[in-house]
Amino acid sequence: MPEEMQQALIERGDDKGRCRPLEVCMSEFDTQVVGILGTGDFSRSLARRLVASGYRVVVGSRTPKHAVALFPEEAEVTSQLEAASQADVVFVAIFPEHHATLLELKTALAGKILVDVSNSSQIKRAGPSHAERLADMFPESFIVKGLNTISAWVLQTGSRDGSRQVFLCSDSSKAKSTVLAMCRRMGFCPVDMGLLSSSREIENLPFYLFPSWGTPILITLILFIFFYLYNFVRDVVHPLVKAKKSVFYKMPIETVNVTLPSVALVMLALVYMPGLLAALVQLRRGTKYDRFPNWLDKWLTKRKQFGLCSFLCAAMHAIYSLCLPMRQSARFRLLNDAFKQVKEGVEDAWSDEGVWRMELYVSVGIIALGLLSLLAITSLPSVADNINWREFSFIQSTLGYCTLSMATVHTLLFGWDRAFDPSQYRFLLPPTFMVVLILPVSVLLVRLILLLPCIAQQLRQIRRGWERSRHIRFILPNDDRVTGFDNVSHV
Amino acid sequence: MPEEMQQALIERGDDKGRCRPLEVCMSEFDTQVVGILGTGDFSRSLARRLVASGYRVVVGSRTPKHAVALFPEEAEVTSQLEAASQADVVFVAIFPEHHATLLELKTALAGKILVDVSNSSQIKRAGPSHAERLADMFPESFIVKGLNTISAWVLQTGSRDGSRQVFLCSDSSKAKSTVLAMCRRMGFCPVDMGLLSSSREIENLPFYLFPSWGTPILITLILFIFFYLYNFVRDVVHPLVKAKKSVFYKMPIETVNVTLPSVALVMLALVYMPGLLAALVQLRRGTKYDRFPNWLDKWLTKRKQFGLCSFLCAAMHAIYSLCLPMRQSARFRLLNDAFKQVKEGVEDAWSDEGVWRMELYVSVGIIALGLLSLLAITSLPSVADNINWREFSFIQSTLGYCTLSMATVHTLLFGWDRAFDPSQYRFLLPPTFMVVLILPVSVLLVRLILLLPCIAQQLRQIRRGWERSRHIRFILPNDDRVTGFDNVSHV
Amino acid sequence: MPEEMQQALIERGDDKGRCRPLEVCMSEFDTQVVGILGTGDFSRSLARRLVASGYRVVVGSRTPKHAVALFPEEAEVTSQLEAASQADVVFVAIFPEHHATLLELKTALAGKILVDVSNSSQIKRAGPSHAERLADMFPESFIVKGLNTISAWVLQTGSRDGSRQVFLCSDSSKAKSTVLAMCRRMGFCPVDMGLLSSSREIENLPFYLFPSWGTPILITLILFIFFYLYNFVRDVVHPLVKAKKSVFYKMPIETVNVTLPSVALVMLALVYMPGLLAALVQLRRGTKYDRFPNWLDKWLTKRKQFGLCSFLCAAMHAIYSLCLPMRQSARFRLLNDAFKQVKEGVEDAWSDEGVWRMELYVSVGIIALGLLSLLAITSLPSVADNINWREFSFIQSTLGYCTLSMATVHTLLFGWDRAFDPSQYRFLLPPTFMVVLILPVSVLLVRLILLLPCIAQQLRQIRRGWERSRHIRFILPNDDRVTGFDNVSHV
């Protein structure tokens, strides 16, 4: 280490606490001076964090004399102009409404990196973002948007609980790189979100409430309401109308328990449908390089959410089913049956068909639930991170279709011969299981057709990059993550 | 690359294996020489890891001739003095009792970074840590504490199983930065723990056994024992005393199954109580900048653990309940009931009230358990890392209060009209569910009061930083993580 | 920043989008030029990713005029020779069959880092890897193998779903460091796999299908088939032969439900057996520094998988058991029993022994399952990452042996006095539970013996590094992760 550098470090004396005569200098960051404009909660927490991460911090305030008490003593509190001049990277931690007050620093900020950490007070669907407005005000600075999703509290404590992801975007890749490295050094996990045009999205991030779950939950609810009403009419209204028998007590458990598996199976079929549609589209177009219709693209990215909704319904169905024999109603019906059996003098009520039907569909149902649980577990981020493409594809495709088949067989065994029993067509409505089976059976059939050698062969070629009409375009999303493997093409 | 550098690399020849005439030099780390004092298991594993990560390693031993065979051939084994002189960063991998033997290297170690990796043989509650003693011995070196939580075995294999977190602290932020970067390069996830005064805590880390779980588990156990005895007296002792009927067989399952939901509900109420207390404290003080009493602070940070204990009890309660109809005792009681019904000639034992009560409370109970499971899943670190503040607050607050309400309704439906039935007051003890409901009902009531517009408005202002008596202080922990959003204040 | 550098940046003008007069230069990466040879899917995605991460990219194509349209405009598309000459790091993204066509660039590539991203079309058990062949062709370049497990699609989108792990190996640690840093900057999590001899393994990675699960699942299946047949003979064939009674309906549920807990308990015993064997080996050899036999080593690393298989079987057993009372067959048997009871005029069928046996074994079974669930949850990567060695050892060892004991007691209580009932020895086969108990009881006994003070003391000494015959060797895998704590030895 050159002597004058050591001297400079000693003079600067930015290491407090125990007295140290010398300062070792090995890191490449040393000379980086970071400015912060603003003295609010966020500014103070950021200053502490930066100081703790070894940066030299200069805070710019309009009233430095008042503000100095608020900041860690390692940070220098000075005028805005002074802070802007000294620093290489300047965090703009003031309300976006007041960004314009910084215009007087324009010259001092020229050529500097400005990090806009501001948040909106509400979601914004159109118009320029705060960061884009800042970029217009300071065309000679390099604007980076980010850190707005981090709270002052997390900044200060580095809490291990909350998310440590920090989203960044900028039109200048160098400025972005610098801030990425700073975030990493502060202990965050920066995520590069591309150009500054993403800043509106980043500013909207704190307002999102499970955006990828909206559609799947909505569809689950619609299906639930539809099947609940269907079963309500068949199981509660029908006996009321036909036999004047009030069985409203079925509403909280029994009707729900017929509805849940219906929703679960249809949702599971909806997980595998977009993949098949994508394959059909690719076969028709003869290329994988054409973008899918927008709705299909969105659907493809939401298969995990559809699957988890299906799993939730299936798990609830299992618990509801297991609760059935525990209920008073089951007990009363059993006691009454015993009374009847004794009265009628039937020594053995055993019915082999009834026994076999139930043993089989319960057994298949348990296996289907077990498989579905495996699918759900591998959806956990930490598990998914530890498996390779082939394993992912095995679980989500092979195991997934096994699960769908098992669930379909479970439903068929439950239905048994009821499809051919006219008394099951109450109010002319077919039994619920028949309505439910339409989609999964179609999905399984199309899947089987796509496995026919001639079609499978063509599809494989297309996914390897072959095109019916040769012209190469950029890679676009496709449903076959396995194509990831043939990732090297000829020169 | 300058020629003399290439030459130096060739001469140094630290790249074994295939013979390579030249060495490319692009990384900024190249010249970093790392020393290790000590030749034990840890030292050897560290040497291998450092070599594999591309560092030049110099090991200092008292008997270099004997030690040389123990180290990878890429590492240079020499005298302690030689190692201390050459290296920029020196790992001190000798027993802390022998730290004093290093005093002869004082001059050579001046200005160097010393990393103390030692562990204690037992937990230490007071007095200076090993690292602090080392700092007193070598005032001209820069002491960093860390890596002690990593085992020699993990160091050598980089096992993907165990934790890769490495805790570091130092009074010199530059020294800390250097070691942070080294850890990152060795494949660990370094966590900055602040100043060297944290070293005692870091040295105690390997002795901790779920420190954040102590209080919650203790409270769960106390509640369990209390409610178990309460139910034992009511359900087992009472029939024994009053009717000379021995029902001790209820102890392993039935009494446990009444105890578990009681514990679960009280624990769930204890999750939401500290948040309400914090709000009340803030309302009374008129500011969010005052530190909460210590017990409240601790309680606030342990809500997750309280919630998971509650979930565990609720899940066990569900399994116990599902097991009820499977037991021999249930079978015998059913058979005896059937016998009685036949004897008494009751054709239909159906009781609409009994049926409705049970259908409802089972149904609500399942929903409460489902919601509680969602809360538990979002507590998994990998899931929690992928959600933003608003989602976190939605799940933990909105969904959490839904769960608490559902569980309360489940208990109320279970109680039905028993609170007004004198025969339920055995030994003058009120039914268990009444004792259980005190806390959750109070919590829900206070929550409702805080939602009143006038109070909610004042609370919102306080959490935005408004103070009844204006004087700004540093941010302190508060229960409202949502305040994270308004993280930008005016200059 | 020196003026000529600014000038260079302005002239280079690699920042598109908004017009910016100047470019700030603070990052250490600036001057790094990355070359890509090849123009396929992977090449194009890699180019986009590199550009987005702030690198200057030069693509080498045989037909640069055609290829230029395929790449982002920030990337320079030129001849292969030109790209090879300009770049410091060159990605070789062409089919491995065509590697030889690059020999004409040998001089230009000398001293450069070549990253081989190629994949095989099938798994390769012997012979040199593609990367090793490349290293033979270009002895003056520095070959790094890696990135082949990442798909073009992930490269382009940086999908948060899939794994972001990138495996790298190289004989040159400096070249590897450079590529490690590049991968980190592109947002991947690079994993250092050591020397280039690991490249065959890396090339085989995409073909692995849960390699660590093969043996555990195989053993689970073998045990399942064995116990299923054993129970089938005892429970189905025996009544058919002896009493001409057909009870085939037991096959889907009842026989499975006796088989599953047997497999679960034996698998759980197999989790703790290798640890005991390792202790015995260490005791006999008097050292921990000798390598265990290969099979024991492998077994030790697969304990987690054995444990999870055991948990899966136990959980399925729980669900099957809970389904028992719901079945038609259970209903029919109950009704027939009621009929019999009435016929025989037995007012109270209660049998205290039967009741106690079942209450106890159900209760213990639930506790065993609860403990096993805790073990399973702490196996989740994200949970395991957050616990220290002592906690890990507490859970996996203390809690694990508790679980094994509980499960053994559950089985003993299930067995009750049946071992002494001659009618249980159908076809001379002992009851299943007796066969099952052999292994867990042996494991628990050996564990108790190892806890005897004299033996425990010796084992502790050995694990601290003491050796009966003194000669120190390198650390080898051992089963006691707790030894990680005494990680500092004397100099």
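For the reader, a short list of remarks on this structure follows.
- Yes/no for A:GLU391 being modelled with pLDDT under 90, crowded, with 17+ Cβ neighbours inside 10 Å and in the same structural domain as A:LEU265 (by TED's automatic domain parsing): yes
- Subset of region C:61-87 (residues that are open to solvent by 60 Å² or more (accessible area, probe 1.4 Å), within 10 Å of chain A (Cβ to nearest Cβ) and over 27 Å from C:GLU140 (Cβ atoms)): C:THR63, C:HIS66, C:ALA69, C:GLU74
- Failed condition for A:HIS130, given (1) open to solvent by less than 20 Å² (accessible area, probe 1.4 Å); (2) modelled with pLDDT of 90 or more; (3) touching an Asp or Glu at 6+ places or on another chain (Cβ under 9 Å): (1)
- Options C:GLU73, C:GLU82: the member that is assigned to a loop (DSSP other than H, G, I, E, B) and more than 22 Å from C:SER170 (Cβ to Cβ): C:GLU73
- Residues that are among the small types (Gly, Ala, Ser), more than 7 Å from chain B (Cβ to nearest Cβ) and either within 48 Å of the chain's Cα centre (by Cα) or part of a helix (DSSP H, G or I) (or both), drawn from region C:329-349: C:SER329, C:ALA330
- Residue ID - nearest to A:TYR55 (Cα to Cα), chosen from residues in region A:171-229 that are open to solvent by 30 Å² or more (accessible area, probe 1.4 Å) and among the hydroxyl-bearing types (Ser, Thr, Tyr): A:SER197
- Residue pairs meeting the criteria (Cβ under 6 Å; at least 6 apart or on separate chains; first touching a residue at least 60 places away in the same chain (Cβ under 8 Å) and within 25 Å of B:SER170 (Cα to Cα), in region A:53-70; second of a type in the set (Gly, Ala, Ser) and assigned to a helix (DSSP H, G or I)): A:GLY54/B:SER173; A:GLY54/B:SER177
- Considered as a group, the residues in region C:370-389 that are under 18 Å from the mean Cα position of the chain (by Cα) and polar (S, T, N, Q) include one that is farthest from C:MET316 (Cα to Cα), and that residue is C:ASN386.
- Taking region A:135-151 as the range and being open to solvent by less than 10 Å² (accessible area, probe 1.4 Å), within 14 Å of chain B (Cβ to nearest Cβ) and part of a loop (DSSP other than H, G, I, E, B) as the test, the residues that pass are A:LEU147, A:ASN148, A:ILE150, A:SER151.
- Beta carbons closer than 6 Å, at least 6 apart along the sequence or on distinct chains, pair a first residue in region C:350-364 that is facing another protein chain (nearest Cβ under 7 Å) with a second that is open to solvent by less than 20 Å² (accessible area, probe 1.4 Å) and not in a helix (DSSP H, G or I) for C:MET358/B:ARG327.
- Matching residues in region B:367-395 - criterion: being more than 14 Å from chain C (Cβ to nearest Cβ) and not aromatic (Phe, Trp, Tyr): B:ILE367, B:ALA368, B:LEU369, B:GLY370, B:LEU371, B:LEU372, B:LEU374, B:LEU375, B:ARG390, B:GLU391, B:SER393, B:ILE395
- Hits in region A:259-287 - residues which are surrounded by fewer than 23 Cβ atoms within 10 Å (Cβ to Cβ) and either touching a Gly at 6+ places or on another chain (Cβ under 8 Å) or on the phi > 0 side of the Ramachandran plot (or both): A:GLY286
- Only a single criterion out of (1) at pLDDT below 90; (2) crowded, with 19+ Cβ neighbours inside 10 Å; (3) in contact with a helix residue (DSSP H, G or I) (Cβ under 9 Å, 6 or more places away or on another chain) is not satisfied by C:SER379, namely (2).
- Single residue of C:VAL51, C:VAL58 found to be aliphatic (A, V, I, L, M), open to solvent by less than 60 Å² (accessible area, probe 1.4 Å) and in a strand (DSSP E or B): C:VAL58
- Of all residues in region C:379-409, those satisfying the criterion of being in a loop (DSSP other than H, G, I, E, B) and within 25 Å of B:GLU203 (Cα to Cα) are C:ASP385, C:ASN386, C:ILE387, C:ASN388.
- Among all positions in region B:91-99, there is no residue which is modelled with pLDDT under 85 and surrounded by 24 or more Cβ atoms within 10 Å (Cβ to Cβ).
- Matching residues, region A:24-48, being in a helix (DSSP H, G or I), within 8 Å of chain B (Cβ to nearest Cβ) and modelled with pLDDT of 85 or more: A:PHE42, A:SER43, A:ARG44, A:SER45
- Residue under evaluation B:HIS99, criteria (1) more than 10 Å from chain C (Cβ to nearest Cβ); (2) under 27 Å from B:SER198 (Cα atoms); (3) not in a helix (DSSP H, G or I), criterion not met: (3)
- Qualifying residue in region A:253-263 (condition: in the same structural domain as A:LEU412 (by TED's automatic domain parsing), acidic (Asp, Glu) and modelled with pLDDT of 90 or more): yes
- Taking region C:102-120 as the range and being more than 33 Å from the chain's Cα centre (by Cα), within 14 Å of chain B (Cβ to nearest Cβ) and open to solvent by less than 10 Å² (accessible area, probe 1.4 Å) as the test, only C:LEU109 passes.
- Selection of first residues in region B:109-122 that are of a type in the set (Asp, Glu) and of second residues that are assigned to a strand (DSSP E or B) and surrounded by 24 or more Cβ atoms within 10 Å (Cβ to Cβ), restricted to Cβ pairs under 9 Å at least 6 apart or on distinct chains, gives the following pairs, ordered by first then second residue: B:ASP116/B:PHE91; B:ASP116/B:VAL92; B:ASP116/B:ILE143; B:ASP116/B:VAL144; B:ASP116/B:LYS145; B:ASP116/B:GLY146.
- Residue in region B:149-165 that is modelled with pLDDT of 85 or more and farther than 16 Å from B:GLY35 by Cβ present: no
- Criterion (outside any helix (DSSP H, G or I) and over 22 Å from the mean Cα position of the chain (by Cα)) met by exactly one of B:PRO440, B:PRO430: B:PRO430
- Subset tally (residues that are assigned to a helix (DSSP H, G or I) and open to solvent by 60 Å² or more (accessible area, probe 1.4 Å)) for region B:410-425: 6
- Residue match in region B:346-357 (condition: within 30 Å of C:ASP348 (Cβ to Cβ), among the aliphatic types (A, V, I, L, M), at pLDDT below 90 and surrounded by fewer than 21 Cβ atoms within 10 Å (Cβ to Cβ)): yes
The values are calculated or read from the model by the stated rules, or taken from the named source; none is laboratory data. What you are looking at is a predicted structure, and each value in this text was computed from that prediction instead of being measured. So basically every Cβ, Gly included, is an ideal-geometry build from the backbone, and we count neighbours across all protein chains shown. Just so you know, the surface numbers come from the protein's heavy atoms only, side chains and all, with ligands and any DNA or RNA stripped out. Shrake-Rupley method; radii C 1.70, N 1.55, O 1.52, S 1.80 Å.
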